[in-house]
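Structure record follows, encoded as structure tokens.
Laboratory data are not the source of any read-out in this text; all were calculated from the coordinates shown. All values reported here derive from a predicted model rather than from experimental measurement. Cβ sites come from the backbone with ideal geometry, for glycine too, and all protein chains shown count toward neighbours.
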Amino acid sequence: MEEQGMVPLFFHHDIDVCKKVIKACYDGGARLLEFTNRGLFAHEIFTELSKYVIAELPGMALGVGSVTDAASASLYMHCGAQFVVTPALREDIAVVCNRRKVLWSPGCGSLTEICRAEELGCEIVKLFPGSVYGPKFIKSARAPQPWTKIMPTGGVAPEEENLKSWFDAGATCVGMGSKLISKDIIEKESYKELENKVRNTLALIQQIKNRT
């Protein structure tokens, strides 16, 4: 997460669409992708994607997001999840992930929650929803504890001004969903466009991080 600077987020009920999206992100240079846990039987889609990634996309880490309880986290880890992202701080999820030595990133919205997450072993906290808190929250939170690593999700866009505001404030990386993998791209099956968009966004992030 820290090296790449961005975690693409995505869900679709069609396994073939998911494979094409992941492949486009991979070809664009992404080596992380968060599959969002949405709807019935989402874990079945994830299982097939996990097998696909292992067989076809060497070096790609596939994780799961929107996990709200320990049972779901355990299920996804058994299906191959290499990291777990949650919308809220859940100590039961921390326990099962730590037991398996799987990175977990909980959604936090206060310095108290961030501190508790770090006490539970969290390496990178998720600021969610990022659009509500904004870059100033990160700058303020890291002032008393500069060791804290934060990944905002929500309100992040693949434009220089937006990305610069987050990384200048001290973000370790960003989570990006529909602003990166748009509905229009999926509907038009513009996977080459997505590949280029991912490549350009990753390059832009590295440029910004090198200047900060």
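Could you tell me which trypsin sites (Lys or Arg not before Pro) in region 79-109 are loop residues by DSSP with no more than 13 other beta carbons within 10 angstrom of their beta carbon? Loop-located and lightly packed - Lys101.
In order along region 157-164, the Karplus-derived 3J(HN,Hα) couplings, from 6.51 cos²θ - 1.76 cosθ + 1.60 at θ = phi - 60°, round to 10, x, 10, 4, 4, 5, 5, 4 Hz, and Gly and Pro are given as x. Using R0 = 30 Å, the C-beta based FRET efficiency linking Arg99 and Gln145 works out to 0.70.
Mean residue ellipticity at 222 nm from the helices of the chain, using -39,500 (n - 2.57) per DSSP H segment of n ≥ 4 over the full residue count, to the nearest 500 deg cm²/dmol? Don't skip to the end; give the middle numbers.
Values: 10 runs with 104 residues, N = 212.
It lands at -14500 deg cm²/dmol.
Scanning the chain for chymotrypsin sites (Phe, Trp or Tyr not before Pro) in DSSP loops with at most 10 neighbouring Cβ atoms within 10 Å leaves 42-146 as the longest stretch between them. With all projection directions averaged, the alpha carbon convex hull of region 64-152 covers 5.1 nm². When only Cα pairs under 8 Å and 6 or more residues apart are kept, what is the percent relative contact order across the chain? After rounding, I find 23 percent. Pairs of Cα atoms nearer than 8 Å and 6+ residues apart set the relative contact order; for region 111-212 it is 24 percent. A dipole drawn for the chain from +1 and -1 charges on Cβ atoms has a positive end, and of Cys25, Thr36, Val125 the residue lying farthest that way is Val125.
For Lys136 and Asp168, calculate 0.36 nm times their separation in residues minus their Cα-Cα distance, and state this gained length in nm to one decimal.
Result: 10.5 nm gained on full extension.
Report the rotationally averaged projected area of the chain based on its alpha-carbon convex hull, in square nanometres.
On the way: hull surface 43.1 nm².
Mean orientational projected area (the chain, Cα hull): 10.8 nm².
Here r is the Cβ-Cβ distance between Asp184 and Ala70 and R0 is 45 Å; the resulting FRET efficiency, rounded to 0.05, is 0.75.
Using a Cα-Cα cut-off of under 28 Å, which lysines could be cross-linked to Lys136, ignoring same-chain neighbours fewer than 8 residues away? Partners within reach: Lys126, Lys149, Lys164, Lys179, Lys197, Lys209.
Restricting attention to region 23-77, which trypsin sites (Lys or Arg not before Pro) occupy a DSSP loop and are surrounded by at most 11 other Cβ atoms within 10 Å? Please report the intermediate quantities before stating the final value.
Numbers: sites: Lys23, Arg31, Arg38, Lys51; in loops: Arg31, Arg38.
Loop-located and lightly packed - none at all.
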